[in-house]
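Below: one structure, written as structure tokens.
The values are calculated or read from the model by the stated rules, or taken from the named source; none is laboratory data. Bear in mind that the values here come from a model prediction, so they are computed numbers and not experimental data. Cβ sites come from the backbone with ideal geometry, for glycine too, and all protein chains shown count toward neighbours. SASA here: full protein model, heavy atoms, side chains in, ligands and nucleic acids out. Shrake-Rupley method; radii C 1.70, N 1.55, O 1.52, S 1.80 Å.
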Amino acid sequence: VRKDPDGRFEFYSEEMSRAVLDAVALEKDLKEAVHNGVIVPHYQPQFDTVSGSLRGMEVLARWPLTQGGMVSPGRFIPLAEETGLIHPLMEHLVEAVLGQVWRWRQEGLSVPPVAINVSAHQIRRQGFFDWLFERLAHYGLGIEVLTVEITESAFLLDFVHVRSILDSLAEKGVRLSIDDFGTGYSSLSYLSQLPFRELKIDRAFVSEVDLSRRQQAVVKGIIELARALELEVVAEGVETESQLSELNALGCDSVQGFYLGRPMDAAALTDLLRAMTSP
Ligand code: C2E
Ligand code: CA
Ligand code: CA
Ligand code: CA
């Protein structure tokens, strides 16, 4: 502990103040990036496990830097949530996605549901969904063009309140998907009471599904549970042929992961849609 020029003690080490400065700089850069519309949607395809047809895609935010490289969403999404920048950021991303879906449709491409990640904060904000329905109407698109992915943590604190929000979204036709399944708490007791249509098995379970009998038993159990609740099942983070064939054997509906397709920009996804649409 040293004294600064005003005689106050400095409680932070050099290293910590560096981290604080970095965080402040990141927040300033993020604000600028959000307001300049620099952050763009990339799309990761999801395939039917058996037929290999494209059955969906997930929107993942990408922040390209002018000096090259990208800031990963793992770094800026939590900050965007803390600072409230998540709201303008998601409006910008979703606007870009809806415009893109509209153009794909104009071209006559068949477009499977596009999944967006909606954070716990946004679920509680009625304004976001009002805005979303207004934008869908603007493009002449129905709600069925989207899937809304929500993580378990979204309903940890005020389950009853969040359940009523999800019920009313489901009534309006929103296709709800539970993300990162198995990584949160109390998933089983909550799951049966919520109007989900899809369950995404977290990569943590997929990574050893072909190697460990225990992981295999867990994935089998999740798929059986999903069947009983009439949920579609997507496995995330599929990286190998052997994981894919194990998931196929276990009866998983669809798969998403680097082995099948990385997150890609709109132009690359357009090529994929054209390839899958043409006979
Ligand atoms: P998530 O929703 O679980 O997204 C899946 C993450 O797994 C993505 O990371 C994706 O690039 C990565 N991934 C996909 N396939 C594989 C694979 O085969 N192997 C491995 N190792 N990873 C794979 P990403 O893009 O870095 O996103 C991280 C998280 O940031 C997402 O996790 C999501 O929670 C959040 N996020 C991303 N975009 C948005 C957004 O637009 N809005 C919100 N609210 N959150 C977002
Ligand atoms: Ca997700
Ligand atoms: Ca996930
Ligand atoms: Ca995740």
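Observations
- Order by protection proxy (mean Cβ within 10 Å, highest first), peptides 153-163, 60-70, 113-123: 113-123, 153-163, 60-70
- Between S53 and E134, the simple label model (points 7 Å from Cα in the Cβ direction) yields a spacing of 3.7 nm.
- Phi angles of the range 75-92 translate, via the Karplus equation with coefficients 6.51, -1.76, 1.60 and θ = phi - 60°, into HN-Hα couplings of 8, 9, 5, x, 5, 4, 5, 4, 9, x, 5, 4, 5, x, 5, 5, 5, 5 Hz per residue; Gly and Pro are given as x.
- FRET efficiency, 1/(1 + (r/R0)^6) with R0 22 Å, evaluated for W102 and R274 via beta carbons: 0.85
- Placing a pseudo-label 7 Å from each Cα along the Cα-to-Cβ vector at E224 and A23 gives an inter-label distance of 4.5 nm.
- Fully extended contour minus Cα-Cα distance, from E239 to F159, at 0.36 nm per residue: 25.4 nm
- Modelled spin labels at D167 and E208, positioned 7 Å past Cα toward Cβ, are 4.0 nm from each other.
- With contacts taken as Cα pairs under 8 Å at a separation of at least 6 residues, the chain carries a relative contact order of 18 percent.
- Under the Karplus curve 6.51 cos²θ - 1.76 cosθ + 1.60, θ = phi - 60°, whole-Hz ³J(HN,Hα) for the range 216-230, x wherever Gly or Pro sits: 4, 5, 5, 5, 4, x, 5, 5, 4, 4, 4, 4, 4, 9, 6
- Crossing angle, helix 14-35 versus the chain [Cα axis fit, 0-90 degrees, rounded to tens]: 60 degrees
- Alpha-carbon Debye profile of the chain, log10 I(q)/I(0) at 0.12, 0.15 Å⁻¹: -0.82, -1.22
- Accessible surface, per residue, of the range 45-167 when the full set of protein chains is kept, probe 1.4 Å, Å²: 43 Å²
- Atom-type composition of the exposed protein surface of the chain places 53 percent of the accessible area on carbon and sulfur (1.4 angstrom probe).
- Remark: relative contact order (the range 208-261) = 37 percent; criterion is Cα-Cα distance under 8 angstrom and separation of 6 or more residues.
- Dipole magnitude of the chain about its Cα centre (Cβ charges: Lys, Arg +1; Asp, Glu -1), debye to nearest 20: 180 debye
- Relative to the longest principal axis of the Cα atoms of the chain, helix 159-171 runs at roughly 50 degrees.
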